Every structure is written in structure tokens, then in C-alpha cells.
1. May I have the count of lysine pairs in the chain with C-alpha atoms under 26 Å apart, counting pairs 8 or more residues apart or located on different chains?
2. Which angle from 0 to 90°, rounded to the nearest 10, does the C-alpha axis of helix 159-168 make with the longest principal axis of the chain?
3. Which label belongs to the value computed from this structure, given these candidates for volume of the Cα convex hull per residue in Å³: (1) 122; (2) 196; (3) 170?
4. Over 10 Å intervals from 0, what percent of Cα-Cα pairs in segment 96-150 sits in each interval?
5. Taking all protein chains as present, what is the carbon and sulfur share of the accessible area of the chain, in % to the nearest whole number, probe 1.4 Å?
6. Can you give the accessible area per residue of the chain, in Å², using a 1.4 Å probe?
Amino acid sequence: NQPADCIYIIHSRAAYESLKLLKRIVPWLPVIDRNEVLDPGTGFPLLSAHAGNNAIDVRTVGHAKLANHMATEYRLTRDTLRVIYAGTDVGRIQDSASLRHGQLHEICQIRPDGPIVTFVGRFTAQKRPEVFVRSVAKCLELNPACNAHFAMIGDGESRPAVEQLVAETGLQKRIHLLGARTNATDL
């Protein structure tokens, strides 16, 4: 019921595929695009570039490396790619740090003084959770005396592959797959 001021695309294949039609219907409506992840040869930066400058009015990216990549690989003009760094709410993290400690240790059922390394993110190819699992395996291979545990907070289409890799590497007792959690910062 409200008029739209713009369309803001963040990682939506459907939106990119609909842009030409959308621009024909409402050519006056600005389209702003946001890309966060360097995904060479595939993914949303490529879809953004293929949509063309006639369909996207403003392109924003999360870091300079991505802007340079899109300019070089997809022949976009570098000055049309605006780098806007995503902010982190440091206050929220500091507030969480002052709260009750040990929740993650309880969930993983490990000693309160044991170190835990975490992965927090969607289980998708873009986030590469399997790299975390392989890194854990390599760390433990290089230092068998390491007493750290590893928690993966998140869920997604790659979860079955991650579960299989954890089983193949024999790390079921060291890597704790905790699923999606709304309290990841607190943990």
C-alpha cells in the first residue's frame, strides 16, 4: 500500500532474472544491488554484471577486493562499484560477552575451560563450511595434542555434505553441529 522508493537486491537470483521485465514496467524505479562475497566465475556478482548497467542503477559491494574483481572480470567500470563495508554491532557483542558464560560449553558438553573455535553462517557453497571441517582436520593432524573443540552454528543446503565430511574425517566428537540458532552472538 506504500509507494516504493527503490528496489534493493541482495543475493536474489529471482530478482536478477526479473530485472529486464521490471525496468520495462517501471523504468523510473531505481535498482540498487548489493554483493558481499567474491565468488569467481559464478554466483551473484556474475548475475549482477549480466543484468547490465541499464537494469542496475547503483552497485554496492562489501569490500574493495570484490569491487576490483567485478571491474576486472566482468568489465564493470570501477567507479560505478561503491564499496560500503558492512558494520558489526560491537556494542551488542560486548553486551553478550558480559552475560553468562559457558552456554556453548554446556551445549557441546565439554569442560568449561576447554577452548572452542566457532563457525557461524549458512551451510551453503558460498560460505564454504567444508573448509572449516578440513581446517579442523588439518589442525588436529598437525597438533594431535590440541584439546580444542569446534562448534558449527548454522544450517542450510550443504548440511548433509558437512555431516558426511565430519563422519569421514572421524571428527564427530570434536566438531559439534549445532544447527541454526538465534542466539549465536550470545553463544
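1. Qualifying lysine pairs in the chain: 4.
2. Computed tilt is about 40 degrees.
3. Answer label, from the structure shown: (3).
4. In order of increasing distance, the bins hold 20, 42, 33, 5 percent.
5. The nonpolar share, carbon plus sulfur, comes to 53 percent.
6. 62
The values are calculated or read from the model by the stated rules, or taken from the named source; none is laboratory data. Keep in mind that this is a model prediction, so the values were computed, not measured. These accessible areas exclude ligands, DNA and RNA; they are computed on the full protein's heavy atoms, side chains included. Shrake-Rupley method; radii C 1.70, N 1.55, O 1.52, S 1.80 Å.
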